[in-house]
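A quick write-up on the structure given underneath.
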Amino acid sequence: MNALYDMVKEAQENYHYEVNVVSTFEPKIKKSLHLTRPENRDDLEQELKIKIIGYVRNYSLEEVPGLFDLLK
């Protein structure tokens, strides 16, 4: 899990590293796309990658809740 945290941190500092985060999720994206119609797969894949990039850019690493925050 620290690897994903580190990749997000690097991607927020340098946008060239966003590719690493997207490629981490690519196997799951490809597998999930088989649940949709073939004619919609390319568009949906692009939208999912755009969403991942958006989440990486907007995710606040300083406000990550701790265990005790989640228990409240």
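The values are calculated or read from the model by the stated rules, or taken from the named source; none is laboratory data. These numbers come from a predicted model, not from an experiment. Cβ coordinates were reconstructed from backbone atoms using ideal geometry, including for glycine residues, and neighbour counts include every protein chain displayed.
Across region 22-72, the number of residues qualifying as closer than 19 Å to Leu4 by Cα, exposed (fewer than 14 other Cβ atoms within 10 Å of the Cβ), hydrophobic (A, V, I, L, M, F, W, C) and modelled with pLDDT of 90 or more comes to 1.
Of the residues Tyr5, Tyr17, only one is closer than 17 Å to Glu62 by Cα and either surrounded by 16 or more Cβ atoms within 10 Å (Cβ to Cβ) or aromatic (Phe, Trp, Tyr) (or both); which? On inspection, the qualifying residue turns out to be Tyr5.
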